[in-house]
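Please treat every number below as a calculation from the coordinates, not as lab data. Keep in mind the model is a prediction, meaning the values are calculated, not measured. Because the Cβ atoms are built from the backbone with ideal geometry, glycine has one as well, and the counts that use them run over all protein chains shown.
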Amino acid sequence: MGFNNKQFFTSLIILAIVASSFYYLYTTNKPEIPDCTKFTNQTQNILCNFNVAVLTKNVTICTNMPNQNAKNDCYITFFSEINSSSICKKIQGNLIYDCYYFYAMQHNSKICSEIKNQSMVNLCYYYIARDKKDESLCKKMSNWTDICYYTLAEAKQNVSICNYIQNTSDKDYCTAKVKELSGLATYNECDKLTDKMERYGCYIRNANNKSTSTLSGVLNS
């Protein structure tokens, strides 16, 4: 289970467009606000409450929705307008994690700590660290910190980030991989790569850092 960023972002865009359209019609035509309780059909009731919430910019109307999925969609509409992560707390299900993630991306990574599920807290920090290329966020994770540092070291091609990795073999692998990407790996560093094809590719791409005879012997072994 992880962040379904694409689903959340797509819903956010669609709902924002719909909300803008309704608000434009409301401000230009000033229609009468309907009484949604008159609609006994659930679909009609949902659409009515959604439109009223958008037209009046009143997030509390979302509570009138007959089911949680409809409430979630309604709350998402106000995501960009309410400058507070409190809107995320009203959402139930996996979408709550996406809400916190996007809010943290836009405002403050500290919002990740508001997530109750520790695995999701780690993922929140990881994805923001990855997307913002900020390795300082890796240390906020209670687990997977080495993976976080490796991801940032590879993305930034900065071998010094590998030094933060606690596991010695993983640190050596990180150093070899990052140097290999920049063509600066030595024979011994290439040898740290566990995948055979990856290791041989490192030998070839970094041939200038070792003798031809040594390279030939490695490839023929």
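With each label modelled as a point 7 angstrom along the Cα→C-beta vector, the N108-L47 pair spans 4.1 nm.
Between T186 and S119, the FRET efficiency from the beta-carbon distance, with R0 = 45 Å, is close to 0.75.
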